[in-house]
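Participant: The structure follows.
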Amino acid sequence: MIRVDARVCLGCMSCSNVCPSQNITRSEDSGRRTVHWKRCKEECDLCVELCPAKALSLVPWDENIPEPEISFDLVACRICGSPYATEPMLQRIESELPAEMQKDASGLEWIRICPVCRRDVEAEGTVRQMVLARSRK
Amino acid sequence: MAVYIDINRCIGCRSCEVACQRVHGGHGHINVHYVGDYAAVPVLCHHCQEAGCTKVCFSGALHKEGEVTAFDVEKCTGCGLCALACPFGVVWTDKLAHKCDLCQGREQGPACMATCPANALSDDFELAARRARERAARAAAVGGRR
Ligand code: SF4
Ligand code: SF4
Ligand code: SF4
Ligand code: SF4
């Protein structure tokens, strides 16, 4: 059986993706992601191995332990407002990237922006540079 | 190495998107964004020297191979961290990560580049820089601010 340390689980997509028996399910609706670990009797430990947060461990079978489930409110993009990531995932990124990388040239904290808006910002920035280059001539 | 864009040439036709999807089983790695009615900009991986995606990838699937930000599909778990660590939003994840691989393994090189009818994409930084300089020179010859 799987035990989950809810304090360190990121709510990412690793364990639910790698489980060969579909014992870990992930669902997403109205801005919430829920991960559910079914009782598992398999001898494999792929999910344990491949958890980026080392949140999982295998424990002996016990019917009395309820199946773990954790829900995460997805964080809303600061530009468009659409939910796009769990807070622990964003914090993990903030802890792993060097501080100077976490703001773009205009000071925008892009980690708190969804990938679609990041592309928009990049496209707008590219156009702004072109316009500037033209007006300098 | 990366594919460089010349937005002065891009006509916003999205042929590059289709070409990339075609050679990657439907998963495109390049997105054309429109800025008002004014311009179209293909957005794709810059193959950053200090690549955020590789820094957060815990499995080693995304890694640097010289100048290229390379991807080893065998190691990827689809955790989704890389997609959140790219400042440009050009990594996607479903069960696996997807990003520009410069059409690795394709003899003719990058498909987007070959397909672009406006010649707006190139993998030659020198060419991209030269075009920009020439444009500047032309504008200077014509004279004045616009
Ligand atoms: S792989 Fe680890 S961090 Fe990600 S959802 Fe599963 S238990 Fe949580
Ligand atoms: S995917 Fe993003 S962070 Fe990674 S090399 Fe490309 S542009 Fe840089
Ligand atoms: S989705 Fe794959 S490539 Fe991206 S960080 Fe996770 S393991 Fe690495
Ligand atoms: S070089 Fe290849 S993988 Fe990269 S964006 Fe162009 S078509 Fe896609």
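The values are calculated or read from the model by the stated rules, or taken from the named source; none is laboratory data. Everything numeric in this text was worked out from a predicted model, so none of it was measured. All Cβ positions, glycine included, derive from the backbone under ideal geometry; neighbour counts span all protein chains shown. Each accessible area value is taken on the protein alone, full model and side chains, heavy atoms only, with ligands, DNA and RNA left out. Shrake-Rupley method; radii C 1.70, N 1.55, O 1.52, S 1.80 Å.
Participant: Using only protein heavy atoms and a 1.4 Å probe, how much accessible area in total is buried between B and A, to the nearest 100 Å²? Each step should come with its number before you reach the end.
Facilitator: Working: alone 8990 and 9120 Å², together 14920 Å².
The summed interface area works out to 3200 Å².
Participant: Taking the Cα centre as origin and putting +1 on Lys and Arg beta-carbons and -1 on Asp and Glu beta-carbons, what dipole magnitude results for chain A, to the nearest 20 debye? Each step should come with its number before you reach the end.
Facilitator: Working: 19 positive and 21 negative charges, 172 e Å.
For chain A, the charge dipole is close to 820 debye.
Participant: Let me have the 222 nm mean residue ellipticity of chain A computed from DSSP H runs of 4+ only, each contributing -39500 (n - 2.57), with the sum over all residues rounded to the nearest 500. Write down the numbers at each step before the final one.
Facilitator: Numbers: 4 runs with 41 residues, N = 137.
It comes out at -9000 deg cm²/dmol, rounded to the nearest 500.
Participant: Using a 1.4 Å probe on the heavy atoms of the protein chains only, list every residue of the range B:41-58 that has 10 Å² or more less accessible area in the complete assembly than in its chain alone.
Facilitator: When all protein chains are present, B:41, B:43, B:46, B:50, B:52, B:55, B:56, B:58 each give up 10 Å² or more of accessible surface.
Participant: Here is a follow-up. May I ask for the angle, rounded to the nearest 10°, between helix A:87-96 and the longest principal axis of chain A, with both axes built from Cα atoms and the value confined to 0 to 90°?
Facilitator: 70
Participant: Let me ask something else about it. Once Rh is set to the Kirkwood radius over Cα pairs, what Stokes-Einstein translational diffusion coefficient, in µm²/s, holds for the range B:47-99 at a temperature of 25 °C and a viscosity of 0.890 mPa s?
Facilitator: For these conditions, the coefficient is 231 µm²/s.
Participant: Which angle from 0 to 90°, rounded to the nearest 10, does the C-alpha axis of helix A:115-136 make with the longest principal axis of chain A?
Facilitator: With both axes taken from Cα atoms, the answer is about 10 degrees.
Participant: A further question follows. How large is the accessible surface per residue of the range A:2-135, computed with a 1.4 Å probe and reported in Å² as a whole number? Working shown, then result.
Facilitator: Details: 7280 Å² over 134 residues.
Value returned for the range A:2-135: 54 Å² of accessible area per residue.
Participant: How big is the Rg/Rh ratio for chain B, C-alpha atoms only, Rh by Kirkwood, two decimals? Present the calculation step by step, with values, prior to reporting the outcome.
Facilitator: Values: Rg = 16.7 Å, Rh = 16.4 Å.
Ratio of gyration radius to Kirkwood radius: 1.02.
Participant: Probe 1.4 Å, all protein chains in place: accessible area of residue B:88 in Å², nearest 10?
Facilitator: We get 50 Å² for residue B:88.
Participant: Quick one: compute the contact order of the range A:2-135, relative version, from alpha carbon pairs under 8 angstrom and 6+ residues apart, as a percent.
Facilitator: Dividing the mean separation by the residue count of the range A:2-135 yields 23 percent.
Participant: I would also like to ask the following. What is the mean number of Cβ atoms from other protein chains located within 10 Å of the Cβ atom of each residue in peptide A:47-55, rounded to a whole number?
Facilitator: Mean number of neighbouring Cβ atoms from other chains: 3.
Participant: Among the aspartates and glutamates, which fall within straight-line cross-link reach of residue A:103, defined as a Cα-Cα distance under 15 Å, with same-chain neighbours fewer than 8 residues apart omitted?
Facilitator: Within the straight-line cut-off, residue A:103 pairs with A:94, A:122, B:50.
Participant: Can you give the direction-averaged projected area of the convex hull of the alpha-carbon atoms in the protein assembly as shown, in nm²? Present the calculation step by step, with values, prior to reporting the outcome.
Facilitator: Details: hull surface 68.0 nm².
For the protein assembly as shown, the mean projected area of the Cα convex hull comes to 17.0 nm².
Participant: Report which residues of the range A:96-112 become buried by 30 Å² or more of accessible surface when going from the isolated chain to the complete set of protein chains (1.4 Å probe; DNA, RNA and ligands ignored).
Facilitator: Correct list: A:96, A:97, A:101, A:110.
Participant: With everything on Cα atoms, drop me the angle between helix B:125-142 and the longest principal axis of chain B, reported from 0 to 90° to the nearest 10.
Facilitator: Value to nearest ten degrees: 20.
Participant: Build a GNM of chain A with springs between Cα atoms under 10 Å: which of A:44, A:77, A:12 gets the top mean-square fluctuation?
Facilitator: Of A:44, A:77, A:12, the most mobile in the Gaussian network model is A:44.
Participant: So, one more: For the range A:2-135, what are Rg and Dmax over the alpha carbons, in angstrom?
Facilitator: Calculated on Cα positions, Rg and Dmax stand at 19.4, 72 Å.
Participant: May I pose another question? Is there a pair in B:64/B:99; A:38/B:55; A:54/B:55; A:38/B:99 whose C-alpha atoms are over 25 Å apart, and which pairs would that be?
Facilitator: Numbers: B:64/B:99 13 Å; A:38/B:55 32 Å; A:54/B:55 18 Å; A:38/B:99 32 Å.
The pairs that break the limit, which is 25 Å between Cα atoms, are A:38/B:55; A:38/B:99.
Participant: Still on this structure: Take the Cα coordinates of the range B:58-141, assign each an equal point scatterer, and use the Debye formula without solvent to give log10 I(q)/I(0) at q = 0.17, 0.18, 0.26 Å⁻¹.
Facilitator: Treating every Cα as an identical point scatterer, log10 I(q)/I(0) equals -0.85, -0.90, -1.26.
Participant: Given +1 on the Cβ of Lys and Arg, -1 on the Cβ of Asp and Glu, and no further charges, what dipole in debye does the range B:47-99 carry about its Cα centre, rounded to the nearest 20? Walk me through the numbers before you get to the answer.
Facilitator: Numbers: 5 positive and 6 negative charges, 28 e Å.
I would put it at about 140 debye.
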